[in-house]
Structures are given as structure tokens and as C-alpha cells.
Amino acid sequence: MTSRKINPILKLVLELGPVLLFFLLFGRLKGQTFHIGSADYSGFIVTTAAFVALIIVTTGILWALTGELSKMQLLTLVLVVVMGGLSIWLNDERFIKMKPTLLYLAFGGILGWGLLRGKSYLSLVMSEALPMQPEGWMILTRRLAAFFFVLAVANEAVWRLLSTEAWVNFKTFGLTAAIFAFMMTQGKVFEKYGIEEAKDNKGA
């Protein structure tokens, strides 16, 4: 299937919508217990089931509209289905809470493996949107790999030490804000090693 462009706002809604709906639904169902079949399920587990289904649907829509899925999207889908499925099947909320940990460990590990080989795998997926010199990509990749490992540790600490509600807030807003803040602090790298900036310096 040929790759196609879609409206960026629609793409954002499809990617972030399930997370926001997870937060909203949990807010309505927290503290409740649902008797399904022969077992009792907490509002968190029911919310997790809805989240898994929604991720499958939105990812399918993205694939249908664009004709492709990134490795990040595929890995996220697999982890949500596997870890969410285990939480539902075993009626144990710990599995879905570990999903961000595994995701960030995977991202950090992939970037770290590339660095050991002297390559920036980050540039392979972002170079078209953000042209930058190879040195800049290596710096950004090292920092992002370390940052992913920090996020993995932070997620483990939050879900193990704090309440489920605190973890939901952390997952919905804390992790998103942390990633946004990280990218904002890398402005000097983009400015120094950006391809256009380099050309301007040569022209001067």
C-alpha cells in the first residue's frame, strides 16, 4: 500500500485520543466494581479493556488512511495489546502499568544499540522533518536514549509507590510533559547543527 499524507490534526487525534479517553473514562469509573461473568473487575481494568480496543481501532484507521505504520506505532500497539490483555485476562492492573516501562526501555535500547554501532537510528526516522548534521544527531540520540531510560525508571517508581489514580495522571500528563520539555531543552543542538544554520555560516 502506498504511503499517503493525512491531516496532521486528524493524525494527532488518532494518536493521542485513546490516551485522553483512557484518562476521562477512568475518572468516571474509578472506585467502581463491575461483575462480569464470574469475576469482579475494577473500573481500572474495564477502562484498560476499552483502551486496548480503542488503540486497535485507531491504529487500524491510521494504517488505512496513510498506508503505513511506523515501528514506534507498531511496538506501542503490540505492547498495549499484550500487557493490556494480560491485565484483563489475569485481572491484574500491574501489567498495563508496566507497559510504558517496557516501551521506553525498548526505545532506549534500540537507540543505544545504534550508538554502539556508531549510528543514529533517530536520524533514520526524523531526518526529513528535522535536517541536521550527523554530529548533532549523535548528540541528540545519546541524550534521548538516556532520557528514555530515566522515563522507564520514573514510571516504575510511580506505579509501584503511588496510587493508581496518581499513575494515570502521570501517564496522561507527566510523561507527555516530560517529553515536550526534553525537546524544548534541545534547542541549542538544533540551532548549532541544523543544516540550514550550517549553510548560513558557510555563506557568511
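Rule-based calculations on the coordinates, nothing more; no lab input. Fair warning: this is a prediction, and the values are worked out from it, not measured in the lab. Cβ: placed from backbone, ideal geometry, glycine included. Neighbour counts: every protein chain shown.
Any idea which of Val13, Leu115, Gln32 is furthest toward the positive side of the dipole for the chain, if Lys and Arg beta-carbons carry +1 and Asp and Glu beta-carbons -1?
My answer, from the dipole projection, is Leu115.
Working from Cα positions, state the angle (0 to 90°, nearest 10) between the long axis of helix 8-29 and the longest principal axis of the chain.
The helix 8-29 is inclined about 30 degrees to the chain.
Pairing the Cα long axis of helix 134-161 with the longest principal axis of the chain, what angle in degrees results, from 0 to 90 and rounded to the nearest 10?
It is inclined by approximately 20 degrees.
Compute the angle between helix 71-90 and the longest alpha-carbon principal axis of the chain, please, reported from 0 to 90 degrees and rounded to the nearest 10.
So the helix axis and the longest Cα principal axis differ by about 20 degrees.
Give Lys171/Lys192; Lys71/Lys97; Lys97/Lys188; Lys71/Lys188 a once-over and call out the pairs whose C-alpha atoms are over 30 Å from each other.
Among Lys171/Lys192; Lys71/Lys97; Lys97/Lys188; Lys71/Lys188, the Cα-Cα distance tops 30 Å for Lys171/Lys192; Lys97/Lys188.
Distance from a point 7 Å along Cα→Cβ of Leu115 to each backbone N in segment 143-158: keep the residues under 20 Å and list them by number.
The answer is 143-156.
Under a Cβ-only charge scheme (Lys and Arg +1, Asp and Glu -1), can you give me the dipole magnitude of segment 63-131 about the Cα centre, in debye to the nearest 20?
Dipole magnitude for segment 63-131 comes out near 220 debye.
Listing Trp89, Trp167, Trp113 from the residue with the fewest other Cβ atoms within 10 Å to the one with the most, what is the order?
Numbers: Trp89 9, Trp167 21, Trp113 12.
Taking fewest neighbouring Cβ atoms as first place, the list is Trp89, Trp113, Trp167.
Leu69: net charge of surrounding residues, Cβ under 14 Å, Lys/Arg +1, Asp/Glu -1, itself excluded?
Surrounding charge for Leu69 is +1.
Can you compute the label reach from Arg142? Point 7 Å from Cα along the Cβ direction, backbone N cut-off under 17 Å, restricted to segment 157-190.
186-190
Which residues does the label zone of Val125 cover in segment 31-75, counting backbone N under 11 Å from a point 7 Å along Cα→Cβ?
Only 70-75 fall inside the zone, counting backbone N under 11 Å.
Taking 0.36 nm per residue of sequence separation and subtracting the Cα-Cα distance, how much length would be gained by fully extending the chain between Ala39 and Val78, in nm to one decimal?
11.4 nm
Go through Thr185, Asn91, Pro134 and say which Cα lies farthest out towards the positive end of the charge dipole of segment 85-204; charges sit on Cβ, +1 for Lys and Arg, -1 for Asp and Glu.
Toward the positive end, the furthest listed residue is Pro134.
With a cut-off of 8 Å between alpha carbons and a minimum separation of six or more residues, what is the relative contact order of the chain in percent?
18
Testing the spin-label approximation: label points 7 Å from Cα along Cα→Cβ at Glu156 and Leu69. State their distance in nm.
Output for this residue pair reads 2.8 nm.
So what is the 222 nm mean residue ellipticity for the chain from helices alone, if each DSSP H run of at least 4 adds -39500 (n - 2.57) and you divide by all residues, rounding to the nearest 500 deg cm²/dmol?
Counting only the DSSP helices, I get -25000 deg cm²/dmol.
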